[in-house]
Each structure stands twice: as structure tokens, then as C-alpha cells.
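The values are calculated or read from the model by the stated rules, or taken from the named source; none is laboratory data. Computed from a predicted structure; not experimentally measured. Positions of Cβ are backbone-derived with ideal geometry, glycine not excepted, and every protein chain shown enters the neighbour counts.
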Amino acid sequence: MHKITVTQKGQIVIPAEIRKKLNIKKGTKLLIKEEGNNILMIPDNKMHISHMRGALKSKESMIEYLLNERAAEYAKLEREWKK
């Protein structure tokens, strides 16, 4: 987990480690959502088709796949935030 500071203009700096891992570069669009008392940011490139390779071969629907992926991501974030 990283601790960051919001500037007077409401800006933040995403740590380099996270930017590299999620392929966030200059100009990358982020989707931002408020979830309760949390803020969730998702790179717009995160759901690129290459991340879905093989998903259609399973018996679960794409919606089920995406919901399961989202639930797993949220659970991981929740565990990290509670540390």
C-alpha cells in the first residue's frame, strides 16, 4: 500500500511501481468511482481485449467473468487497505 498526498489543486501522483505494473503512461485515461468511503481508479486500458484472452472459452458468461474479476480485485484492495 502507498500513502500519497492530494495537492491544493486536487492532484495526486500515482507511484511509479503502480504505473509500470498497470501500464499507465502520460495521457492514459483513468476511470474513477466512489465506493462507500473508498475511491477506485481503473486505467481505461485495463480492460483491453488482450486481458480477456481465453475468457470466452469458459462456460461462464462474459458478465459473470467480469463480475468475478471485479470482485477479486475489490477483495484484494480491501485486504490491502485494512493492513
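For every residue, the table says whether it meets (1) at pLDDT 90 or above; (2) touching a His at 6+ places or on another chain (Cβ under 8 Å); (3) of a type in the set (S, T, N, Q).
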position: 7; (1), (2), (3): yes, no, yes
position: 11; (1), (2), (3): yes, no, yes
position: 20; (1), (2), (3): yes, no, no
position: 46; (1), (2), (3): no, no, no
position: 51; (1), (2), (3): no, no, no
position: 55; (1), (2), (3): no, no, no
position: 60; (1), (2), (3): no, no, no
position: 75; (1), (2), (3): no, no, no
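Taken together, the residues in region 1-30 that are of a type in the set (Gly, Ala, Ser) and either in contact with a strand residue (DSSP E or B) (Cβ under 6 Å, 6 or more places away or on another chain) or more than 24 Å from residue 79 (Cβ to Cβ) (or both) amount to 2.
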